[in-house]
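Trainee: First the structure, which I've put down as structure tokens, then a few questions once you've had a look.
The values are calculated or read from the model by the stated rules, or taken from the named source; none is laboratory data. All of these numbers come straight from a predicted model, not from anything done at the bench. Positions of Cβ are backbone-derived with ideal geometry, glycine not excepted, and every protein chain shown enters the neighbour counts.
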Amino acid sequence: MKEEIEKFIHFLREEKGLSPHTVKGYRNDLGQFADFSQEFANIARVEDIGRGLVRDFLGSLLRYGYDRSSVARKLSALRSFFKYLVKKGLLKASPAVRFPTPKLGKKLPSFLDESQAKALMELPPLKTDLDYRDRAILELLYGTGIRASE
């Protein structure tokens, strides 16, 4: 399996042109799956991987406290890897299809309290035209309730 993973990594890097950071993530995620396959089920060949092994791998990640976002990323890596293997004719079907992606929690936005907002509005000293401009921008942003990410 490790040989097929390395061929896939080469494909991602050379043919798809993915960033080194993304390729490293795929390598780590797929390497972790290969290690699990070998240790848990003594499976070293991609032809022997079934849905049950993928399910057990994902379940073990959740049991060991991995964040749902990490499990979702690993599942995405597995889906891509198995899709590649199907295209290459090494598998008839992907064992990672129809697994639901773990639901990711939504984070509440942080906000300024009243004293912080007041302090922010008083920051530009209003001595130059640029100070007036900056104050106007801050008041516009605060007044519309726009998020910092926007």
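Trainee: Give region 69-115 a look and list any residue that's in contact with a helix residue (DSSP H, G or I) (Cβ under 8 Å, 6 or more places away or on another chain), of a type outside the set (Phe, Trp, Tyr) and in a helix (DSSP H, G or I), or say none.
Mentor: 70, 71, 73, 74, 75, 77, 78, 80, 85
Trainee: Being among the aromatic types (Phe, Trp, Tyr), exposed (fewer than 15 other Cβ atoms within 10 Å of the Cβ) and either closer than 22 Å to residue 99 by Cα or modelled with pLDDT under 90 (or both) is true for just one of 84, 64. Which residue is that?
Mentor: Values: 84 fails: exposed (fewer than 15 other Cβ atoms within 10 Å of the Cβ).
Among 84, 64, only 64 is among the aromatic types (Phe, Trp, Tyr), exposed (fewer than 15 other Cβ atoms within 10 Å of the Cβ) and either closer than 22 Å to residue 99 by Cα or modelled with pLDDT under 90 (or both).
Trainee: Across region 24-50, which residue is nearest to residue 100 (Cα to Cα) among those that are under 22 Å from the mean Cα position of the chain (by Cα) and basic (Lys, Arg)?
Mentor: 27
Trainee: Could I ask something else about it? Residue by residue through region 124-150, note down the ones that are within 27 Å of residue 108 (Cβ to Cβ) and surrounded by 11 or more Cβ atoms within 10 Å (Cβ to Cβ).
Mentor: Let us first name the residues in region 124-150 that are within 27 Å of residue 108 (Cβ to Cβ), namely 137-150.
Across region 124-150, the qualifying residues are 137, 138, 139, 141, 142.
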